[in-house]
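The values are calculated or read from the model by the stated rules, or taken from the named source; none is laboratory data. Predicted model only: the values in this text are computed from it and were never measured. Here the Cβ is made from the backbone with ideal geometry for all residues, glycine too, and neighbour counts use every protein chain on show. Heads up: the accessible areas ignore ligands, DNA and RNA and are worked out on the full protein's heavy atoms, side chains in. Shrake-Rupley method; radii C 1.70, N 1.55, O 1.52, S 1.80 Å.
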Amino acid sequence: MMTRGEQFVESLRLKHDFYDRHERRSYLRMVEVAKRIVDQPSLLRAGDAFLERFARSDPQQATAYATWKRTLTLSAEEVARQLLEDSDRGANLRDTAPVFVVVPRDELNRAWRAPTP
């Protein structure tokens, strides 16, 4: 049985073209994170705590910090949608994402071996 997060992510138009294997693996890791965010919206608080601890006082992260503080005011579904969108904004969010959750390596390996969604 699929989780709500899996169903939600499957309903999105996901990115299919990647410039290399690293980008694909990074994107698929964020797919797994997005599923968990939808299933456990409290993970947004974990991401916010990460930002406060590691990014708030770093002037080089000021833009990413501000972007993510605005993003984290949205619903879990909207955060997941924006995180996975195939756009410059989506790529920026993926590149600057705070740590919401650590996905177990075996789950990542499974996702990486599967055909691209």
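Key figures
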| quantity | calculated |
| --- | --- |
| Matching helices (runs of 4 or more DSSP H) fully within segment 17-98 where at least 3 residues are free of Cβ contacts under 8 Å to residues at least 60 places away in the same chain and within 28 Å of residue 109 (Cα to Cα) | 21-39, 43-54, 76-84, 88-96 |
| Filter result (within 14 Å of the chain's Cα centre (by Cα) and touching a residue at least 60 places away in the same chain (Cβ under 8 Å)) within segment 99-114 | 100, 101, 103, 108 |
| Residue in segment 100-108 that is surrounded by fewer than 17 Cβ atoms within 10 Å (Cβ to Cβ), in contact with an Asp or Glu (Cβ under 8 Å, 6 or more places away or on another chain), not hydroxyl-bearing (Ser, Thr, Tyr) and not in a loop (DSSP other than H, G, I, E, B) present | yes |
| Single residue of segment 4-19 satisfying the filter (of a type outside the set (A, V, I, L, M) and open to solvent by less than 30 Å² (accessible area, probe 1.4 Å)) that is farthest from residue 91 (Cα to Cα) | 5 |
| For residue 81: the one exception among (1) touching a Phe, Trp or Tyr at 6+ places or on another chain (Cβ under 8 Å); (2) open to solvent by 20 Å² or more (accessible area, probe 1.4 Å); (3) not aliphatic (A, V, I, L, M) | (1) |
| Residue in segment 25-45 that is among the β-branched types (Val, Ile, Thr), modelled with pLDDT of 95 or more and loosely packed, with under 15 Cβ neighbours inside 10 Å present | no |
| Matching option when the condition is in contact with a Gly (Cβ under 8 Å, 6 or more places away or on another chain), of a type outside the set (Ser, Thr, Tyr), closer than 17 Å to residue 31 by Cβ and surrounded by 12 or more Cβ atoms within 10 Å (Cβ to Cβ), among 97, 76 | 97 |
| Test: residue in segment 54-67 that is within 25 Å of residue 114 (Cα to Cα) and hydroxyl-bearing (Ser, Thr, Tyr) | no |
| Segment 1-15 residues that are under 11 Å from residue 35 (Cα atoms) and in a loop (DSSP other than H, G, I, E, B), paired with ones that are at pLDDT 95 or above and open to solvent by less than 100 Å² (accessible area, probe 1.4 Å) (beta carbon under 6 Å, 6 or more apart) | 3/39 |
